[in-house]
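The values are calculated or read from the model by the stated rules, or taken from the named source; none is laboratory data. All figures in this text were calculated on a predicted structure; none of them were measured in a lab. Glycine also receives a Cβ, built like all others from the backbone with ideal geometry; neighbour counts cover every protein chain displayed.
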Amino acid sequence: MRIPFMSMFMASPFDGLEEHAEKVKACAHAFKKAIECHLSTQCDTYESFQKEVVRLESEADAVKRRIRGHLPKGTLLPIDKFQLFRYLREQDAVLDAVEDTLEWISFREDPGIPDELADDFINFIGAVILPIEALVIMIREARTYFKTYKEEQRNKVKEIIATLRRQEHDADRHERHIKRKTLNLDIDPVTIFHMIRLAEYIGSIADHAENAGDMMRAMIAR
């Protein structure tokens with residue numbers, strides 16, 4: 001019989017993972033607002049949203065360091081410590097991808113995203129945020145599983161991971177659509193390159209969320 005080791009801890013490492021995931025989620029929503037601002041001719045606060053993302057990323061870094069610092073050598077865990085760190089690395093990479101995306105946009109604010117692609121990018125970002133929101137739910141359910149080791153709870157986690165994968169594949173579909181459409185627009189080559197690369201940056205956000213889901217699946221494997 002497997003012993004629910006998690007119950008032996010005053011504080012579960014999943015508490016920190018959930019706190020970190022909440023920062024990632026907040027960062028994603030600030031990112032969405034930044035893009036909407038960038039697309040609006042009335043908005044002059046893009047840099048403030050960018051600073052908000054940087055602030056949240058800094059707070060998430062502090063959480064990440066605390067998680068690592070509270071797992072000294074010899075600590076008993078219900079999962080492999082290196083699997084935990086690999087999961088955290090992928091979840092944290094979502095933040096890095098968001099920062100990279102906003103930085104890429106700032107390199108060439110004028111003329112910005114062409115009007116013909118505005119709705120496509122808004123839909124794309126909406127699709128990318130869904131798997132990020134799923135990370136928080138997945139961690140909550142995983143914490144419960146590692147307390148009980150009930151098969152029903154394990155299946156709940158697996159279902160969330162499967163949903164996360166479907167959401168990432170949907171984001172991939174949006175990315176391909178934007179690339180195809182961009183390459184068939186009558187616009188200058190620099191804008192084409194900027195939009196193609198922007199789509200790839202945004203797509204990488206969902207990629208890292210899916211990778212985190214894959215790491216979670218490895219952690220709950222028997």
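Considering only region 104-122, I want to know if a residue exists there that is among the basic types (Lys, Arg) and part of a helix (DSSP H, G or I). Checking region 104-122: not a single residue is among the basic types (Lys, Arg) and part of a helix (DSSP H, G or I).
Residues that are in a loop (DSSP other than H, G, I, E, B), closer than 16 Å to residue 110 by Cα and free of Cβ contacts under 8 Å to residues at least 40 places away in the same chain within region 183-198 comprise just one, 188. The residue that is surrounded by the fewest Cβ atoms within 10 Å (Cβ to Cβ), among those in region 145-172 that are free of Cβ contacts under 8 Å to residues at least 12 places away in the same chain and out of contact with any Ser or Thr (no Cβ under 9 Å at 6 or more places or on another chain), is 152.
A Cβ distance below 7 Å, combined with a sequence gap of six or more or placement on separate chains, defines the contacts here; from region 90-106, residues that are in contact (Cβ under 8 Å) with a residue 24 or more places away in the chain reach residues that are of a type in the set (Ser, Thr, Tyr) in the pairs 97/201; 97/204; 100/201; 101/201; 104/201.
When 140, 180 are screened for being in contact (Cβ under 8 Å) with a residue 24 or more places away in the chain and either assigned to a loop (DSSP other than H, G, I, E, B) or charged (D, E, K, R) (or both), only 140 passes. Pairing residues of region 64-86 that are of a type outside the set (D, E, K, R) and surrounded by 11 or more Cβ atoms within 10 Å (Cβ to Cβ) with residues that are at pLDDT below 70 and not in a loop (DSSP other than H, G, I, E, B), at Cβ distances under 6 Å and at least 6 apart in sequence or on separate chains, gives 78/5; 78/6.
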